[in-house]
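Below is one structure; the comments refer to it alone.
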Amino acid sequence: MDRSTPAPQELLEIAVDVARDAAATAYRMRAEGVSVAATKSTVTDVVTAADRAVERQVIDALRRLRPGDAVLGEEFGAGEAAGPSGPGAVRWIVDPIDGTVNYLYGLPHSAVSLAAEVDGRVVAGVVRNVSTGDEWTATVGGGAWRAGERLRCSTETDLGQALVATGFGYDPRRRAHQARVVAELITQVRDIRRLGAAAIDLCYAAEGRVDAYYEKGLAAWDLAAGGLVASEAGLRVDGLRGVAAGPDMVVAAPPALFEPLHARLADLDASGGP
Ligand code: IPD
Ligand code: CA
(Lines give C-alpha, C1' and ligand atoms only; values in the text may rest on other atoms or scores of the structure.)
(Ligands and ions follow the chains in the order given, each with its own letter.)
Protein backbone atom coordinates (compact mmCIF):
# COMPACT_ATOMS: atom_id res chain seq x y z
CA MET A 1 0.00 0.00 0.00
CA ASP A 2 1.32 3.46 -0.92
CA ARG A 3 2.28 5.63 2.06
CA SER A 4 -0.29 8.23 1.02
CA THR A 5 -3.08 5.63 1.03
CA PRO A 6 -5.21 6.01 4.17
CA ALA A 7 -5.52 3.11 6.60
CA PRO A 8 -8.67 0.96 6.30
CA GLN A 9 -10.04 2.44 9.54
CA GLU A 10 -9.77 5.95 8.11
CA LEU A 11 -11.57 4.88 4.94
CA LEU A 12 -14.23 3.18 7.06
CA GLU A 13 -14.87 6.38 9.02
CA ILE A 14 -15.48 8.23 5.77
CA ALA A 15 -17.69 5.40 4.49
CA VAL A 16 -19.79 5.40 7.65
CA ASP A 17 -20.37 9.18 7.58
CA VAL A 18 -21.32 9.11 3.91
CA ALA A 19 -23.55 6.02 4.27
CA ARG A 20 -25.42 7.51 7.24
CA ASP A 21 -26.26 10.67 5.31
CA ALA A 22 -27.20 8.57 2.29
CA ALA A 23 -29.49 6.32 4.34
CA ALA A 24 -31.14 9.40 5.86
CA THR A 25 -31.92 10.68 2.36
CA ALA A 26 -33.30 7.29 1.31
CA TYR A 27 -35.45 7.16 4.45
CA ARG A 28 -36.80 10.68 3.91
CA MET A 29 -37.56 10.04 0.24
CA ARG A 30 -39.37 6.81 1.16
CA ALA A 31 -41.49 8.70 3.68
CA GLU A 32 -42.37 11.25 1.01
CA GLY A 33 -43.50 8.44 -1.32
CA VAL A 34 -41.64 6.56 -4.02
CA SER A 35 -42.50 5.21 -7.41
CA VAL A 36 -40.68 3.47 -10.23
CA ALA A 37 -38.61 5.95 -12.26
CA ALA A 38 -37.36 3.46 -14.86
CA THR A 39 -36.64 -0.20 -15.45
CA LYS A 40 -33.21 -1.68 -16.16
CA SER A 41 -32.40 -5.28 -17.20
CA THR A 42 -36.05 -6.45 -17.15
CA VAL A 43 -39.46 -4.92 -16.33
CA THR A 44 -39.12 -6.06 -12.71
CA ASP A 45 -35.60 -4.59 -12.31
CA VAL A 46 -36.68 -1.14 -11.18
CA VAL A 47 -34.95 2.07 -10.26
CA THR A 48 -36.59 4.77 -8.17
CA ALA A 49 -35.72 8.45 -7.99
CA ALA A 50 -34.19 7.66 -4.61
CA ASP A 51 -31.68 5.17 -6.05
CA ARG A 52 -30.34 7.92 -8.30
CA ALA A 53 -30.51 10.76 -5.78
CA VAL A 54 -28.77 8.71 -3.10
CA GLU A 55 -25.99 7.58 -5.43
CA ARG A 56 -25.52 11.17 -6.63
CA GLN A 57 -25.25 12.30 -3.00
CA VAL A 58 -22.65 9.60 -2.25
CA ILE A 59 -20.59 10.48 -5.32
CA ASP A 60 -20.67 14.21 -4.48
CA ALA A 61 -19.68 13.55 -0.86
CA LEU A 62 -16.79 11.28 -1.86
CA ARG A 63 -15.62 13.76 -4.45
CA ARG A 64 -15.55 16.45 -1.76
CA LEU A 65 -13.82 14.29 0.86
CA ARG A 66 -11.51 12.24 -1.39
CA PRO A 67 -11.21 14.11 -4.69
CA GLY A 68 -8.68 11.76 -6.33
CA ASP A 69 -10.55 8.51 -5.77
CA ALA A 70 -12.53 6.44 -8.27
CA VAL A 71 -16.17 5.56 -7.63
CA LEU A 72 -18.16 2.66 -9.06
CA GLY A 73 -21.89 2.73 -8.45
CA GLU A 74 -24.89 0.69 -9.54
CA GLU A 75 -26.79 3.57 -11.13
CA PHE A 76 -24.05 5.69 -12.74
CA GLY A 77 -21.31 3.09 -13.24
CA ALA A 78 -17.78 4.51 -13.11
CA GLY A 79 -19.30 7.82 -14.36
CA GLU A 80 -17.51 11.13 -14.33
CA ALA A 81 -16.28 10.45 -10.82
CA ALA A 82 -13.71 7.91 -12.02
CA GLY A 83 -10.31 9.00 -10.75
CA PRO A 84 -6.72 7.99 -11.41
CA SER A 85 -5.59 4.41 -10.94
CA GLY A 86 -2.19 3.04 -9.92
CA PRO A 87 -0.59 1.58 -6.80
CA GLY A 88 -2.46 2.50 -3.64
CA ALA A 89 -5.40 3.98 -5.56
CA VAL A 90 -8.72 3.93 -3.76
CA ARG A 91 -11.96 2.94 -5.47
CA TRP A 92 -15.31 3.25 -3.73
CA ILE A 93 -18.07 0.80 -4.59
CA VAL A 94 -21.62 1.89 -3.82
CA ASP A 95 -25.05 0.39 -4.03
CA PRO A 96 -27.24 3.37 -3.11
CA ILE A 97 -30.19 1.11 -2.29
CA ASP A 98 -29.70 -2.64 -2.13
CA GLY A 99 -33.12 -4.23 -1.93
CA THR A 100 -34.85 -1.71 -4.19
CA VAL A 101 -37.99 -3.83 -4.54
CA ASN A 102 -38.30 -4.00 -0.73
CA TYR A 103 -37.78 -0.24 -0.61
CA LEU A 104 -40.51 0.29 -3.18
CA TYR A 105 -42.96 -1.83 -1.19
CA GLY A 106 -41.98 -0.44 2.23
CA LEU A 107 -40.47 -3.72 3.45
CA PRO A 108 -37.75 -3.05 6.04
CA HIS A 109 -34.89 -4.79 4.23
CA SER A 110 -33.06 -2.26 2.13
CA ALA A 111 -29.63 -0.82 2.69
CA VAL A 112 -26.97 1.59 1.58
CA SER A 113 -23.83 -0.39 0.86
CA LEU A 114 -20.48 1.39 0.56
CA ALA A 115 -17.02 -0.18 0.37
CA ALA A 116 -13.49 1.09 -0.21
CA GLU A 117 -11.15 -0.95 -2.33
CA VAL A 118 -7.37 -0.43 -2.44
CA ASP A 119 -5.43 -2.06 -5.28
CA GLY A 120 -8.49 -4.13 -6.14
CA ARG A 121 -9.02 -5.50 -2.63
CA VAL A 122 -11.95 -4.42 -0.43
CA VAL A 123 -10.44 -3.05 2.80
CA ALA A 124 -13.40 -1.31 4.47
CA GLY A 125 -17.16 -1.52 4.16
CA VAL A 126 -20.42 -0.43 5.72
CA VAL A 127 -23.97 -1.65 5.17
CA ARG A 128 -26.72 0.46 6.73
CA ASN A 129 -30.35 -0.62 6.81
CA VAL A 130 -32.41 2.34 5.59
CA SER A 131 -35.49 1.51 7.73
CA THR A 132 -34.04 0.22 10.99
CA GLY A 133 -30.67 2.00 11.15
CA ASP A 134 -28.89 -1.32 11.76
CA GLU A 135 -25.33 -0.74 10.65
CA TRP A 136 -22.67 -3.36 9.96
CA THR A 137 -19.03 -2.40 9.41
CA ALA A 138 -15.76 -4.17 8.73
CA THR A 139 -12.14 -3.45 7.94
CA VAL A 140 -9.76 -6.01 6.55
CA GLY A 141 -8.11 -7.76 9.49
CA GLY A 142 -10.07 -5.57 11.94
CA GLY A 143 -13.19 -7.71 12.33
CA ALA A 144 -16.87 -7.16 11.61
CA TRP A 145 -19.00 -5.08 13.95
CA ARG A 146 -22.56 -3.98 14.69
CA ALA A 147 -23.50 -1.61 17.52
CA GLY A 148 -20.12 -2.03 19.20
CA GLU A 149 -20.30 -5.84 19.19
CA ARG A 150 -17.80 -7.92 17.28
CA LEU A 151 -19.61 -10.32 14.99
CA ARG A 152 -19.03 -14.05 14.73
CA CYS A 153 -20.75 -16.29 12.23
CA SER A 154 -22.80 -19.36 13.07
CA THR A 155 -21.10 -22.43 14.53
CA GLU A 156 -23.56 -24.81 12.85
CA THR A 157 -21.80 -27.84 11.37
CA ASP A 158 -24.72 -29.82 9.90
CA LEU A 159 -26.03 -28.69 6.53
CA GLY A 160 -29.34 -30.38 7.31
CA GLN A 161 -29.79 -27.94 10.22
CA ALA A 162 -28.66 -24.85 8.34
CA LEU A 163 -30.88 -21.85 7.60
CA VAL A 164 -29.68 -20.71 4.18
CA ALA A 165 -30.42 -17.34 2.59
CA THR A 166 -30.37 -16.81 -1.13
CA GLY A 167 -31.68 -14.46 -3.79
CA PHE A 168 -32.83 -14.45 -7.39
CA GLY A 169 -31.87 -12.34 -10.38
CA TYR A 170 -34.31 -10.26 -12.42
CA ASP A 171 -34.09 -12.26 -15.66
CA PRO A 172 -36.89 -14.89 -15.74
CA ARG A 173 -34.62 -17.44 -17.49
CA ARG A 174 -32.02 -17.06 -14.76
CA ARG A 175 -34.75 -17.33 -12.14
CA ALA A 176 -35.99 -20.58 -13.63
CA HIS A 177 -32.54 -22.12 -13.15
CA GLN A 178 -32.21 -20.64 -9.65
CA ALA A 179 -35.64 -22.02 -8.76
CA ARG A 180 -34.63 -25.53 -9.85
CA VAL A 181 -31.52 -25.31 -7.66
CA VAL A 182 -33.40 -24.04 -4.61
CA ALA A 183 -36.17 -26.64 -5.07
CA GLU A 184 -33.57 -29.36 -4.51
CA LEU A 185 -31.58 -27.59 -1.84
CA ILE A 186 -34.61 -26.82 0.32
CA THR A 187 -35.09 -30.56 0.90
CA GLN A 188 -31.57 -30.80 2.35
CA VAL A 189 -31.38 -27.81 4.72
CA ARG A 190 -33.41 -26.49 7.67
CA ASP A 191 -35.05 -23.88 5.47
CA ILE A 192 -34.45 -21.15 2.92
CA ARG A 193 -34.82 -17.37 3.36
CA ARG A 194 -35.22 -14.85 0.54
CA LEU A 195 -35.03 -11.48 2.23
CA GLY A 196 -34.44 -9.38 -0.86
CA ALA A 197 -31.18 -7.51 -0.22
CA ALA A 198 -27.91 -9.33 -0.82
CA ALA A 199 -25.84 -6.97 1.36
CA ILE A 200 -28.17 -7.57 4.31
CA ASP A 201 -28.13 -11.34 3.68
CA LEU A 202 -24.34 -11.28 3.98
CA CYS A 203 -24.50 -9.19 7.17
CA TYR A 204 -27.14 -11.53 8.63
CA ALA A 205 -24.79 -14.45 7.92
CA ALA A 206 -22.04 -12.48 9.68
CA GLU A 207 -24.06 -12.38 12.88
CA GLY A 208 -25.58 -15.84 12.62
CA ARG A 209 -29.14 -14.67 11.87
CA VAL A 210 -28.84 -17.11 8.99
CA ASP A 211 -26.20 -19.84 8.85
CA ALA A 212 -25.11 -19.38 5.25
CA TYR A 213 -25.91 -17.55 2.03
CA TYR A 214 -25.41 -18.20 -1.66
CA GLU A 215 -26.47 -16.46 -4.84
CA LYS A 216 -25.62 -16.40 -8.52
CA GLY A 217 -25.49 -13.09 -10.35
CA LEU A 218 -24.27 -10.60 -7.76
CA ALA A 219 -22.66 -7.42 -9.02
CA ALA A 220 -19.62 -5.82 -7.36
CA TRP A 221 -21.84 -3.35 -5.46
CA ASP A 222 -24.01 -6.13 -4.02
CA LEU A 223 -20.98 -8.01 -2.69
CA ALA A 224 -18.24 -5.52 -1.79
CA ALA A 225 -19.20 -4.27 1.69
CA GLY A 226 -21.33 -7.23 2.82
CA GLY A 227 -18.71 -9.71 1.60
CA LEU A 228 -16.06 -8.08 3.79
CA VAL A 229 -18.43 -8.03 6.80
CA ALA A 230 -19.10 -11.75 6.24
CA SER A 231 -15.48 -12.79 5.84
CA GLU A 232 -14.36 -10.72 8.82
CA ALA A 233 -17.03 -12.51 10.89
CA GLY A 234 -15.43 -15.84 10.03
CA LEU A 235 -17.41 -17.00 7.02
CA ARG A 236 -15.62 -18.38 4.01
CA VAL A 237 -16.75 -16.28 1.03
CA ASP A 238 -15.93 -17.93 -2.27
CA GLY A 239 -17.29 -19.07 -5.59
CA LEU A 240 -17.67 -22.62 -6.88
CA ARG A 241 -14.84 -24.96 -7.86
CA GLY A 242 -11.98 -22.68 -6.89
CA VAL A 243 -13.31 -19.57 -8.62
CA ALA A 244 -13.33 -16.43 -6.45
CA ALA A 245 -16.71 -15.08 -5.30
CA GLY A 246 -18.20 -13.04 -8.13
CA PRO A 247 -20.99 -12.85 -10.68
CA ASP A 248 -21.06 -16.63 -11.28
CA MET A 249 -21.55 -17.50 -7.63
CA VAL A 250 -21.10 -16.26 -4.09
CA VAL A 251 -21.16 -18.84 -1.31
CA ALA A 252 -20.74 -17.45 2.21
CA ALA A 253 -20.68 -20.17 4.83
CA PRO A 254 -18.97 -20.94 8.13
CA PRO A 255 -15.88 -23.10 7.48
CA ALA A 256 -17.62 -26.32 8.62
CA LEU A 257 -20.61 -25.73 6.33
CA PHE A 258 -18.74 -24.46 3.31
CA GLU A 259 -17.66 -27.83 1.88
CA PRO A 260 -21.06 -29.59 2.14
CA LEU A 261 -22.94 -26.55 0.82
CA HIS A 262 -20.40 -26.07 -1.96
CA ALA A 263 -20.72 -29.76 -2.90
CA ARG A 264 -24.52 -29.56 -3.13
CA LEU A 265 -24.41 -26.33 -5.15
CA ALA A 266 -21.76 -27.75 -7.50
CA ASP A 267 -23.86 -30.94 -8.01
CA LEU A 268 -26.86 -28.77 -8.82
CA ASP A 269 -24.81 -26.64 -11.22
CA ALA A 270 -25.89 -23.56 -9.29
CA SER A 271 -23.42 -21.32 -11.15
CA GLY A 272 -24.65 -22.59 -14.51
CA GLY A 273 -27.61 -21.52 -16.58
CA PRO A 274 -28.19 -18.06 -18.02
C1 IPD B 1 -30.77 -7.09 -5.65
C2 IPD B 1 -30.96 -7.61 -4.23
C3 IPD B 1 -31.54 -9.00 -4.24
C4 IPD B 1 -30.66 -9.95 -5.01
C5 IPD B 1 -30.44 -9.43 -6.42
C6 IPD B 1 -29.86 -8.02 -6.40
P7 IPD B 1 -31.00 -4.45 -5.95
O8 IPD B 1 -30.16 -5.82 -5.64
O9 IPD B 1 -29.73 -7.60 -3.54
O10 IPD B 1 -31.64 -9.53 -2.93
O11 IPD B 1 -31.29 -11.20 -5.05
O12 IPD B 1 -29.51 -10.30 -7.04
O13 IPD B 1 -29.72 -7.55 -7.73
O14 IPD B 1 -31.47 -4.55 -7.37
O15 IPD B 1 -32.12 -4.40 -5.00
O16 IPD B 1 -29.97 -3.39 -5.74
CA1 CA C 1 -29.42 -1.30 -5.89
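Could you tell me which of rounded, prolate or oblate describes region 136-175, using a ≥ b ≥ c as the square roots of the eigenvalues of the alpha-carbon gyration tensor, with rounded for a/c under 1.5 and, failing that, prolate when a/b is larger than b/c and oblate otherwise? Each step should come with its number before you reach the end.
Numbers: a/c = 3.34, a/b = 1.53, b/c = 2.19.
Verdict is oblate for region 136-175.
Pull up all non-local amide H partners of SER154: gap of 5 or more, or a different chain, and H-to-H distance under 5 Å with H placed in the peptide plane.
GLY208
Rounded to the nearest 5, what % of the DSSP beta bridges within region 1-120 are antiparallel ones? Write out the running numbers ahead of the final one.
On the way: 11 of 15 bridges.
The antiparallel fraction comes to roughly 75 percent.
Let me spell out the model: positive unit charges on the Cβ of Lys and Arg, negative unit charges on the Cβ of Asp and Glu, origin at the Cα centre of the chain. What dipole size does that give, in debye rounded to 20? Provide the component values of the computation, followed by the final result.
Numbers: 28 positive and 37 negative charges, 53 e Å.
The dipole magnitude comes to about 260 debye.
What does the charge add up to near GLY160, with Lys and Arg as +1, Asp and Glu as -1, over the other residues with Cβ less than 15 Å from its Cβ?
Numbers: positive: ARG190, ARG264; negative: GLU156, ASP158, GLU184, ASP191, ASP211, GLU259.
Value of the local net charge: -4.
Please state the shape class of region 196-274: rounded when a/c is under 1.5, otherwise prolate if a/b exceeds b/c and oblate if not, all from the C-alpha gyration tensor. It would help to have the intermediate numbers written out before the result.
On the way: a/c = 1.77, a/b = 1.22, b/c = 1.45.
Note, shape of region 196-274 comes out oblate.
Report the one residue of GLY273, TYR204, ALA162 whose Cα lies farthest in the direction of the positive end of the charge dipole of the chain (charges on C-beta: Lys and Arg +1, Asp and Glu -1; origin at the Cα centre).
Result: GLY273.
In units of 2.2 N^0.38 Å, what is the alpha-carbon radius of gyration of region 1-136?
On the way: Rg = 14.8 Å, N = 136, 2.2 N^0.38 = 14.2 Å.
Normalised Cα radius of gyration, region 1-136: 1.04.
If all Cα-Cα distances of region 161-230 are sorted into 5 Å bins from 0 onward, what percent lands in each bin, rounded to whole numbers?
Spelled out per bin, shortest first, that is 4, 17, 29, 24, 18, 8, 1.
Using the Cα centre of region 217-274 as the reference point, and only Cβ charges (+1 on K/R, -1 on D/E), how large is the resulting charge dipole? Debye, rounded to the nearest 20. Intermediate values should be presented prior to the final figure.
Details: 3 positive and 7 negative charges, 12 e Å.
Once rounded to the nearest 20, the dipole reads 60 debye.
Report MET249's accessible area, 1.4 Å probe, all protein chains in place, as a number in Å² to the nearest 10.
MET249 has an accessible surface of roughly 10 Å² with all protein chains in place.
In bins 5 Å wide, starting from 0, what share of all Cα pairs of the chain does each bin hold, as a percent?
1, 6, 14, 18, 19, 17, 13, 8, 3, 1, 0
On full extension of the chain, what length is gained from ALA183 through ALA78, given 0.36 nm per residue of separation minus the C-alpha to C-alpha distance? The partial results should precede the final answer.
Working: separation 105, 0.36 × 105 = 37.80 nm, distance 3.71 nm.
Net length gain for the segment: 34.1 nm.
Towards the positive end of the charge dipole of region 5-130, with charges on Cβ (+1 Lys, Arg; -1 Asp, Glu), say which of GLY68, VAL34, VAL122 has the farthest Cα.
Farthest along the dipole direction, towards plus: VAL34.
Tell me the per residue accessible area of the chain using a 1.4 Å probe; a whole number in Å² is fine.
On the way: 11580 Å² over 274 residues.
Here the residues of the chain average 42 Å² of exposed surface.
Which of the peptides 96-108, 32-44 is most tightly packed, and how do the rest follow, going by the mean number of other Cβ atoms within 10 Å of each residue?
96-108, 32-44
At 7 Å along Cα-to-Cβ for each site, give me the label-to-label distance between SER4 and SER35 in nm.
Modelled inter-label distance: 4.8 nm.
The values are calculated or read from the model by the stated rules, or taken from the named source; none is laboratory data. Since the model is a prediction, treat every value here as computed from it, not as a measurement. Cβ sites come from the backbone with ideal geometry, for glycine too, and all protein chains shown count toward neighbours. For accessibility, only protein heavy atoms count, side chains too; no ligands or nucleic acids. Shrake-Rupley method; radii C 1.70, N 1.55, O 1.52, S 1.80 Å.
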